[in-house]
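Scroll down for the structure; my scribbles are underneath it.
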Amino acid sequence: MKLFSVEEANELLPEVRRIVAAISRAHVRVAAAREGSRLAAEGAQSGGGFMPGGAGYVRALMRLAESVGELETLGVQLKDYERGLIDFPAMRDGRVVLLCWQLGEGDRIEWWHDVDAGFAGRQPL
């Protein structure tokens, strides 16, 4: 597991923001395509035929997987696709903690939490 300093995480944040935004967009497309496929499948059961959106669903899933892979390669943990919530593992006071950021927050990481505390346990840096 890669451990980040606050400075390293902040330097990486522009790239991470781009990736997380792509994940968020792909997640919306996957959800929409899944819903469209579900509705089409219901129509097919009543004689409607093929499943529109199937190829779009697969493309969106592939883009989502690619973006998640980019984050994992960087050592960043994705916690919530929809909210764009991520964590950077870090050391604080001799223990591993998570530097926390989500899509829509500022240009710097301002929060951290213990590994077992989750988002609800966020504290300002």
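The values are calculated or read from the model by the stated rules, or taken from the named source; none is laboratory data. Computed from a prediction, not measured in an experiment: that's the story for all the values here. Counting neighbours? That spans all protein chains shown, and the Cβs are built from the backbone with ideal geometry, glycine included.
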- [ ] Those residues that are touching a residue at least 12 places away in the same chain (Cβ under 8 Å) and assigned to a loop (DSSP other than H, G, I, E, B), I need them from the range 99-117; list them, please.
- [x] L103, G104, D107, R108, I109, E110, V115
TODO: Just one of (1) buried (at least 17 other Cβ atoms within 10 Å of the Cβ); (2) part of a helix (DSSP H, G or I); (3) at pLDDT 70 or above trips up T73, so point out which.
DONE: (1)
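Condition first: in contact with a strand residue (DSSP E or B) (Cβ under 8 Å, 6 or more places away or on another chain) and within 16 Å of K2 (Cα to Cα). Now tell me which residues in the range 73-94 satisfy that.
The initial filter retains those residues of the range 73-94 that are in contact with a strand residue (DSSP E or B) (Cβ under 8 Å, 6 or more places away or on another chain), namely 75-80, 83-92.
Across the range 73-94, the qualifying residues are G75, V76, Q77, L78, I86, D87, F88, P89, A90, M91, R92.
Identify the residue in the range 93-104 that is surrounded by fewer than 18 Cβ atoms within 10 Å (Cβ to Cβ) and touching a helix residue (DSSP H, G or I) at 6+ places or on another chain (Cβ under 9 Å) and, among all such residues, is farthest from V28 (Cα to Cα).
Q102
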Open item on the list: Against the conditions (1) out of contact with any Leu (no Cβ under 6 Å at 6 or more places or on another chain); (2) modelled with pLDDT of 95 or more; (3) in a loop (DSSP other than H, G, I, E, B), where does V96 fall short? Just the number, please.
Closed with: (3)
